[in-house]
Ligand code: MRU
């Protein structure tokens, strides 16, 4: 699998799991620069807070689980290179870094979930230890635990979701919820990868996903790398492809799922869900528990990121709309729960009504 997010040690080791031989050794966050795909596979290594903030904001790393992992590891890198006179100064700096990184993107709840987890782990640990070197290692351990759990989560979603797939089926997906968006297999693409490993091959339709083309630049790229059968279509072709009977199932990822199952995902997902309903095609969301926000009763409270007009007007270096025209560029939309056939989680597939099932998945502490 790809490694969009990892930890690179000063001695050149690239790791995605904590072990005691990492203790005390400096390191950096390592990211695939997704803005350069599909043309070139390059990496960025950084321990600079503002650069990490910018990498998340500019979509060098993107996809809800991946930005959670990147923020946690990035914070560990930023803190690790600094010296602190007291544990209080250490904790204060961790809190400030978490607040700054949380501001980078508003919709995917995994970002705050991962940062809160690191902050809470440090708060708990500092009751037992005032040793700043030890606390630095604990911060790195927590960040690498988040990444390791993400890898397991992808595998479990893959196992559960695979049951929906049969040889030769047409599966449409929107945006990129694959290996580039997570620590491992992806969420929406996990069932497809699992099926392929088990000898079941499906035909994937990858929506191009305007304006930033995550579907054609990233989903198509990673599926081609994996030897999967993938066809890219422009977003406005989905209805026709469904009408032609080529799509048997839709699977998309999620950036935030409210307590009733309403789901925020890449702009255009809501439209795909309506099309699927019209054509009687099952519409599934695949996401881990870290994407569920039980503090929001429904999708109306999900913050929707508004992005620069230039992404629409000057996408990829070419002007495609008049300079004077007004541009509206919401990055996400919310699909109401009544359009969702099921939510594929690492614990199994939830079916409607979602509210009680989601509540039972998440304990009051916020963990599944
Ligand atoms: O703006 P992006 O590229 O971060 O949007 C990503 C998506 O909408 C994904 O579908 C979602 O984060 C799930 S990734 C497993």
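Since every read-out is calculated from the coordinates, none of them should be taken as a lab result. Bear in mind the structure is a predicted one, so any value in this text is a computation, not a measurement. Ideal geometry is used to build each Cβ from the backbone, glycine not excepted, and the neighbour counts take in all protein chains shown.
Of all DSSP bridge pairs formed entirely within segment 215-368, close to 55 percent run antiparallel.
Taking the Cβ-Cβ separation of residue 85 and residue 310 as r and a Förster radius of 30 Å, what is the calculated FRET efficiency to the nearest 0.05? The value I calculate is 0.10.
Neighbour counts of C-beta atoms inside 10 Å place 284, 328 in the sequence 328, 284, starting with the fewest. Only beta bridges with both residues in the chain are counted; by DSSP, about 50 percent of them are antiparallel.
Note: relative contact order over the chain, using C-alpha pairs below 8 Å and six or more positions apart, is 15 percent. With only Cα atoms counted, segment 160-361 has Rg and Dmax values of 16.5, 53 Å. Between residue 198 and residue 20, the C-beta separation translates, for a Förster distance of 35 Å, into a calculated FRET efficiency of about 0.45. Which one, 331, 258, 124, has the greatest fluctuation when you compute a Gaussian network model over the chain with C-alpha springs under 10 angstrom? With Cα springs under 10 Å in the chain, the top fluctuation among 331, 258, 124 is at 124. Entry for segment 5-154 at q = 0.13, 0.14, 0.15, 0.18 Å⁻¹: log10 I(q)/I(0) = -0.52, -0.60, -0.69, -1.01, Debye formula applied to identical alpha-carbon scatterers, no solvent contribution. With the convex hull drawn over the C-alpha atoms of segment 38-110, the volume per residue is 85 Å³.
As a proxy for reagent exposure, 75, 237, 162 were ordered by neighbouring Cβ count within 10 angstrom, fewest first; the result is 237, 162, 75. Run a plain Debye calculation on segment 135-254 (Cα atoms as equal point scatterers, no solvent) and give log10 I(q)/I(0) at q = 0.23 Å⁻¹, rounded to two decimals, same order as the q list. These q points yield log10 I(q)/I(0) values of -1.28.
To the nearest whole percent, what portion of all C-alpha pairs in the chain is separated by more than 34 angstrom?
Counting every Cα pair in the chain, those more than 34 Å apart make up 25 percent.
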